[in-house]
Structures are given as structure tokens and as C-alpha cells.
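Before any comments, here is the structure.
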Amino acid sequence: MTEKKKLMTVVLFHDEENQRILLGLKKKGFGEGKWNGFGGKVEAGETINKAARRELFEEAGILAGELEKVGLINFRFTEEVEETLEIHFLRALKVYGMPRETEEMRPEWFNINSIPYDKMWVDDKYWMPSFLEGKKFKGDILFKNQDTILSNNIRIVEGIF
């Protein structure tokens, strides 16, 4: 039996000069009430970068300049979600425009020393520090539900993947 996968993106903008990161509060749908990066499903015919740019604009009203792929995590769930979520993490190296609230997300800047991990997906604390340090990461996470991790093997990787 072939594993069903849903290809998804998460885009993050780390303003290193001001030591802050832009996150969005998910206002509806899967992950509602959690702070997260911006992203979603890759539509038919879209590249990962095109989907990431589209999602960032739809959810925060800003345009991404150059994107750098920094992570790949396969999320599996024992409940609620039938397919594996293959999530590609991208760093926006530059953004254009001012973040604005949309129907789906409420953007907010957080100092990197006060990231609200307790109000985010429980896996974020495993990969976000690597992202903030400019490292690339890869792995698999198995969730029991949206708030319980049964296993994870996030690891730092070198080069492009």
C-alpha cells in the first residue's frame, strides 16, 4: 500500500538585525489557536517556492523575496489526519510590505527570547532553535493527536536536500 502524502510549506521570516521572528496566530481550521509560520498545501502545478510565496501573501499580506529551503519534516498522526504531511520549511531572506491580519492569520513579531512555544505546535521546540541558528534540519515526527508526540528524530543536516 502506498503512503498518502500531502505536500505542504511553512515560511518563516527571522529578522536577525532586530532579533525577532514573524509568526501568525491561526484563526480557523487545522491548528486553530496556535502560533506558527505561514504556509499550507502545495496546489496542483505549483512548485514548493511558488506555494510558499502564495501562502505568505494570503496569510500575512507580505511578499517574499529570495527563499531558502531549510527543513523537511514528515508529520504522521495516529488520529485525526489520514495522510503524512510532508512539510518543507523555508526561510524568507527578505520580505516586502507590512504584515497585516487576514481572515486566516494574525501576524505578530516575537523577540527570539520570548517565542511562545507553549502556544505553538509541540514539535516547534525541536526544530525552531536550529532554524534560528541558521542550521538545516530533517526528520519525522509521529503525533498521537495535535498535542502529543510519540516519537521524533529531528536532526541537523548539511548542504542542500
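Structural remarks
- Close Cβ contacts (under 8 Å, 6 or more residues apart or on different chains) running from residues in the stretch 123-142 that are within 22 Å of LEU93 (Cα to Cα) to residues that are in a helix (DSSP H, G or I) comprise ASP124/TYR117; LYS125/TYR117; MET128/TYR117; LYS136/SER130; PHE137/TRP127; PHE137/SER130; PHE137/PHE131.
- Scanning the stretch 59-82 for residues that are closer than 24 Å to ASP15 by Cα, charged (D, E, K, R) and either touching a residue at least 40 places away in the same chain (Cβ under 8 Å) or surrounded by 15 or more Cβ atoms within 10 Å (Cβ to Cβ) (or both) yields GLU59, LYS69.
- Flag for LEU56 being in a strand (DSSP E or B), aliphatic (A, V, I, L, M) and closer than 16 Å to MET8 by Cβ: no
- Contact map, the stretch 15-27: first residue within 12 Å of PRO107 (Cβ to Cβ) and among the charged types (D, E, K, R), second residue surrounded by 21 or more Cβ atoms within 10 Å (Cβ to Cβ) and modelled with pLDDT of 95 or more, Cβ cut-off under 8 Å, separation 6 or more or different chains; pairs are LYS26/TRP35; LYS26/MET105; LYS27/MET105.
- Only one of the numbered conditions (1) modelled with pLDDT under 95; (2) among the β-branched types (Val, Ile, Thr); (3) surrounded by fewer than 13 Cβ atoms within 10 Å (Cβ to Cβ) is not met by THR47, and that is (1).
- Consider the stretch 31-53 and keep the residues that are part of a loop (DSSP other than H, G, I, E, B) and free of Cβ contacts under 8 Å to residues at least 60 places away in the same chain. The one that is nearest to LYS119 (Cα to Cα) is GLU32.
The values are calculated or read from the model by the stated rules, or taken from the named source; none is laboratory data. None of these values were measured; they are calculated from a predicted model. Glycine also receives a Cβ, built like all others from the backbone with ideal geometry; neighbour counts cover every protein chain displayed.
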